[in-house]
Structures are given as structure tokens and as C-alpha cells.
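One structure is given here, and the rest of the page talks about it.
Computed from the coordinates by the stated procedures, all read-outs in this text should not be read as laboratory data. In this text, all values refer to a predicted model and were calculated from it rather than measured experimentally. Positions of Cβ are generated from backbone atoms using ideal geometry, with glycine treated the same way; all protein chains shown enter the neighbour counts.
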Amino acid sequence: QVRPEIERIAPYVPGESLEAFSQRTGIPIDRLIKLNSNENPYGPIPPVLAALGRYVSYNNYPDTDSTALRRALAEFTGLAERYIVLSHGSNELINLLWHVFLSVGDNIICCPPTFTLYTTVTTLCGAYVIEVPRTESYDLDVEAILSALTPETKLIVLCSPNNPTGNLVAQEDIRRLLETGRIVVVDEAYVEFSQQPRGVAHLVPEYPNLVVLRSFSKWAGLAGLRIGYGLFPEWIASYLRRAQCPFEVNVAGHIAAIETLAHLDCVWERVQLLIQERERLFQVLAAQPYLAPVPSQGNFIMARVCDEEITVEDIRASVESYGILLRYFQHPYLQNVLRVTVGLPEHTDLLARALAEVRPGRA
Ligand code: PMP
């Protein structure tokens, strides 16, 4: 018999894979454009691919201490190695951190609409989510968070830039929440695309209760290799290392992350291209009379459907006929909303054509 909380889990549903989409629509994979999972269309930079090909010791386990990568990350983040914990994607750090802090009956505070994995893992721990919705402008409602705290609240979870709304959390809001003494988790999976690409990492040595989660999936184009890291106060980092399984980060992930950090100019150039393309994509979305896009600091843009005659399903029908995968939301916090990952310029062009053909009742 499984634990009762497992029965309550609503599994995290990722963006549809190319394989599944191709099977469902009959469109061959090589004609598809995947803009549904905030992946980086440029992929890893060439030195990463070259280093992966050169490496000959894939038969050996990785360095459990990840010495070389933590050293490179210390230089990149400006924080000493003792603050850094690596993982098999930042998803896995969420899983680990939650299990280290949440006992049955505890709770976390989450501010929807946001990344839903926080809720899935909370349920897995036998804990609960207290939802404190964002304001109309998708900012945090700090007063409401403060009054929602209970003695069992172990984590306050913030996503900055927030997936899917795209806005940053204000630093003064983070500081106010840190004053509560609860552990504040700031998920910065997309921060490199924002106006504050260094995020709030510099505050970690100042606060014993601030955690920052980062990923190589988005800015560095390494989503398939699964490599993430976090910046933690030393006491939390040491508990995480105790609880972590050995060899969590595979050798390919180590190599790719180290090479990425050794060629930052090349990576930032691509990030800049995506930021420029984001602004063009925003114009394309805003040009559709039925869409209201929200300005974004991530590598994606959320847009609300603002014409009562058109549904996300009508948009989906047109967009999918062009072989384009987007994310469509239809739940209480996000009614008739879509999210588009920033792709290559030609992806934006094709999307513009598909959006121009959207008609009511097409679905
Ligand atoms: N946090 C947020 C907000 C995300 O959107 C994602 C990926 N969708 C992740 C974390 C997980 O990233 P990773 O690939 O490093 O596990």
C-alpha cells in the first residue's frame, strides 16, 4: 500500500514532447518548432559539444565533490564554494530541499500563478501548500504572505523571474520576507535573461535563511543534460549534502557546465540574441487584437486571450497546424492564457503567420 499522500499527488505535467506531438498530429519531428518548455534553441555552445566528444572516462563515476565545477561556479557567482550545492537539474534540488525541511503536516507558501512543481513535491512530503495569489500585476502580495504564515510554515517559495508571468520579484519584498526568519527560496532558473542577471545571490552570505536555485537548462542550453545548482547558507548546504544521493550530477553535466563557464562571452552573446528576440516576439503577440502579452524578463512570454469570442483552443488549432508547440493554460489562476518560449527569428516569423490565421470557433 502506498503512502496516502501519494494518492493526493497531481503529477507535474511538462510541455508535450516532440515525439508525443508528432504522433498525435502526424507532423514529422523535423518539421516541428518547440516553444512550449522554455528551452534554448541555440543549444550548448560549440566548445561544450567538443569537450563532451573528447572525454574518455565515461566508465568512471563522477567526482562526488564536483571540485572543478564548484570552483568555476564560485568565480561565476562571486560566492565561496561552501555555499554551492549541485544537482541533477534544479528540479532535483527542489525535491531535496523540500524533503530536508518538510515533515508531514508542515506547509509552504507559494504565490500562484507560478511553477507547479513546488506543489507536487510538497504533496509528496505529506505537507501542504498555502497559496497566496499574486496581485493583478502579478506582483507578490507581501502583506497577505505575512498574515498567511503559520507555525508550520517551513518555506516561502518565490520564483524570479516568475514562470509563467515573467516578472522579477522586487528585492525589497525578498528582504521583508527574509526578516520573518522563515527559509525563503528564490528560484532563479531564468534570471540570466533578466535586467538583474546576477539576481539575489549576493544576499546569501548576509542571511542564514536565503536559498537561491539556479539552472544551466535555460541560459546555457543544457536542459537535456540536467544540471542545476543552488546557493545556500552553509548550514543548509551541509544538510543537503548529507541527504543527497552520491553521484547525483553525471559526468556529461559536469563537463558541459565547466565548458560553459569557461566561454561565457559566447553564451552571453546568445542570451543577448534571445533577449532581442523576446522584444520582437512581444511585438508580434501584441499585434494580434485578441492577445494581451505581459512584459517578460525570462526566455518566454505569457499572453492572455482578451477577445471573448476566441479561446486558447482556437489559437491552438491554428498554431498546431503549423507544427508549433506552445503551452496553453486553462485553470483557475490562468484562464485562457498561453505561454510562448522565445525561439529563433524564423520561429517568431512562422508563429506570426499562424496567429494571423486564428479565427473564433476553429477548434
Ligand atoms: N524552476 C522553474 C521556475 C522552471 O521553470 C524550471 C524548468 N521548467 C525549473 C526550475 C527546472 O529546471 P531544471 O531543468 O534545472 O530542472
Discussion item. In the range 35-174, if the dipole is taken from +1 on Lys/Arg beta carbons and -1 on Asp/Glu beta carbons about the Cα centre, which of ILE145, ALA51, THR119 is farthest to the positive end?
Written reply: ALA51
Discussion item. Of all beta bridges DSSP finds with both residues in the chain, what is the antiparallel percent, to the nearest 5?
Written reply: 50
Response to the item:
Rounded to whole angstrom, the alpha-carbon centroid of the range 1-50 lies from that of the range 108-150 at a distance of 25
Worksheet item: Mind checking which of ALA220, ALA287, ALA303 has the largest fluctuation in a GNM of the chain, springs on alpha carbons under 10 Å?
Response: ALA287
Fill in: Over the range 1-151, volume per residue of the alpha carbon convex hull, in Å³
245
Worksheet, complete the sentence: Plugging the Cβ-Cβ distance of GLN195 and VAL56 into 1/(1 + (r/R0)^6) at R0 = 30 Å yields, to the nearest 0.05, a FRET efficiency of 0.10
Worksheet entry | Cubic angstrom per residue, convex hull over Cα atoms of the range 170-306 | 144
Response to the item:
Kirkwood-based Rg/Rh on the Cα set of the range 106-176 evaluates to 0.95
Worksheet item: Quick one: if you stick a label point 7 Å off each Cα along the C-beta vector at GLN23 and ASP349, how many nm between them?
Response: 3.3
Fill in: ASN336 long-range amide H proximity, modeled H, under 5 Å
HIS331
Fill in: Farthest positive-ward along the chain dipole, Cα basis, beta-carbon charges - from TYR190, LEU231, GLN23
GLN23
Item to complete: Read phi for every residue in the range 219-228 and hand back ³J(HN,Hα) as whole Hz from Karplus 6.51 cos²θ - 1.76 cosθ + 1.60, θ = phi - 60°, with x for Gly and Pro.
Response: 5, 8, x, 10, 3, x, 8, 6, 9, x
Fill in: Karplus-derived 3J(HN,Hα), 6.51/-1.76/1.60, for each residue of the range 174-186, Hz, glycine and proline x
4, 4, 5, 6, 5, 5, 6, x, 6, 6, 9, 9, 10
Item to complete: Provide the descending list of Cα extents for the range 46-263 along its principal axes, expressed in whole angstroms.
Response: 55, 36, 29
Item to complete: Kindly state, to the nearest 0.05, the FRET efficiency for LEU264 paired with GLU5, given R0 = 56 Å and r defined as their beta-carbon distance.
Response: 0.85
Item to complete: Please give, to one decimal in nm, the separation of the simple spin-label points placed at ARG359 and THR135, each 7 Å out from Cα toward the Cβ.
Response: 4.3
Worksheet item: Where does each of 143-154, 270-281, 289-300 land if you order them by average Cβ count within 10 Å, highest first?
Response: 289-300, 270-281, 143-154
Worksheet item: For the range 295-363, which GluC sites (Glu not before Pro) are both in a DSSP coil and crowded by at most 13 other Cβ atoms within 10 Å?
Response: GLU308, GLU309, GLU357
Worksheet item: Given 0.36 nm per residue, what is the gain on full extension from ALA287 to ALA170 after removing their alpha carbon distance, in nm?
Response: 39.2 nm
Item to complete: For the range 228-363, count the residues as N, evaluate 2.2 N^0.38 Å, and divide the Cα radius of gyration by that value, please.
Response: 1.40
Discussion item. Expected output is a single nm value to one decimal: the length gained when fully extending between ASP307 and SER147, i.e. 0.36 nm times separation in residues minus the C-alpha distance. What is it?
Written reply: 54.0 nm
Practice prompt. For the chain, set up a Gaussian network in which alpha carbons nearer than 10 Å are linked by springs, and say which option among ARG242, ARG353, ARG54 fluctuates the most.
Written response: ARG54
Item to complete: For the range 46-263, give the magnitude of the charge dipole about the Cα centre (Cβ charges: +1 Lys/Arg, -1 Asp/Glu; no others), in debye to the nearest 20.
Response: 580
Worksheet item: Whole-Hz Karplus ³J(HN,Hα) for the range 267-278, in order, using 6.51 cos²θ - 1.76 cosθ + 1.60 and θ = phi - 60°, x for Gly and Pro?
Response: 5, 5, 4, 5, 4, 4, 4, 5, 5, 4, 5, 4
